[in-house]
């Protein structure tokens with residue numbers, strides 16, 4: 001499928017930063033092309049794309065692929081200046097809300113996460129994420145799902161950071177038993193959890209279904225802590241589900257998360273539990 005036919009590369013008109021980035025890139029491409037006296041049609045042939053797409057990119061209406069920018073850099077003899085725009089252009093493809101979350105995760109030195117209805121995005125395989133997002137109603141267009149999955153996978157860069165942040169996850173047993181995407185998808189997801197849990201900075205705990213008397217029954221609990229001592233967190237049934245950063249509010253979330261961790265299986269017990277589930281799948 002050509003880029004002209006492929007969904008997921010339109011600019012979100014509500015994303016002011018994204019619109020500005022793509023408009024700037026398009027303007028630079030057009031100025032350099034015209035400076036060489038090259039028509040849009042000739043440029044399109046040189047980079048392997050249609051004339052219509054060239055006009056869309058130059059007009060800030062289409063997000064150019066990384067390979068488009070690489071080819072344009074060579075054809076327009078930009079000396080790497082156009083190719084250098086790839087990082088910002090790639091970010092534009094992800095929804096603004098997801099970029100903000102990824103930005104916080106990229107700065108966090110500690111992450112605490114309890115989920116009671118599905119796995120945290122940082123733990124999901126790509127196949128599991130696709131299957132999970134396809135359960136949404138009303139049904140989302142494929143291009144939106146593609147953007148969401150790509151953004152979720154991009155957030156996994158947190159595992160490659162140095163120094164590595166401390167990551168703590170408490171998973172409800174039911175989220176490990178629900179065959180999202182079918183048994184093979186679930187099996188690969190369980191295998192992935194066992195792999196991630198081997199990382200020295202990651203602790204995964206399982207909350208058995210028979211332990212209902214804990215403060216996570218109201219929904220997710222998440223806390224991100226930063227190097228300067230500040231933090232941000234949220235819980236579905238507290239503070240109207242909005243992110244909070246005041247010490248008094250954060251103490252409540254950390255208290256609840258501490259009790260949840262204490263009620264869950266230990267990390268060692270949880271690994272054995274997941275391994276048994278894998279054997280049963």
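The values are calculated or read from the model by the stated rules, or taken from the named source; none is laboratory data. Here the structure is a predicted model, which means the values were calculated and not measured. Every residue, glycine as well, gets a Cβ built from its backbone with ideal geometry; the counts of neighbours run over all protein chains shown.
For the reader, a short list of remarks on this structure follows.
To keep it simple, each residue is scored yes or no on (1) touching a strand residue (DSSP E or B) at 6+ places or on another chain (Cβ under 9 Å); (2) modelled with pLDDT of 90 or more.
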{"position": "9", "(1), (2)": "yes, no"}
{"position": "14", "(1), (2)": "no, no"}
{"position": "17", "(1), (2)": "no, no"}
{"position": "24", "(1), (2)": "no, yes"}
{"position": "28", "(1), (2)": "no, yes"}
{"position": "32", "(1), (2)": "no, yes"}
{"position": "40", "(1), (2)": "no, yes"}
{"position": "57", "(1), (2)": "no, yes"}
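- Some residue of the range 166-175 being at pLDDT below 95, within 30 Å of residue 91 (Cβ to Cβ) and not in a strand (DSSP E or B): yes
- Residue 151 vs. criteria farther than 24 Å from residue 269 by Cβ and within 19 Å of the chain's Cα centre (by Cα): yes
- Members of the range 264-281 that are in contact with a strand residue (DSSP E or B) (Cβ under 7 Å, 6 or more places away or on another chain) and modelled with pLDDT under 95: none
- Pick from the range 129-146, criterion more than 14 Å from residue 180 (Cβ to Cβ) and assigned to a loop (DSSP other than H, G, I, E, B), ranking: modelled with the lowest pLDDT: 140
- Condition met for residue 160 (touching a helix residue (DSSP H, G or I) at 6+ places or on another chain (Cβ under 9 Å), free of Cβ contacts under 8 Å to residues at least 40 places away in the same chain, closer than 25 Å to residue 205 by Cβ and in the same structural domain as residue 198 (by TED's automatic domain parsing)): no
- Candidate set: the range 75-88, residues that are in contact with a helix residue (DSSP H, G or I) (Cβ under 9 Å, 6 or more places away or on another chain) and farther than 17 Å from residue 31 by Cβ; chosen: the one surrounded by the fewest Cβ atoms within 10 Å (Cβ to Cβ): 88
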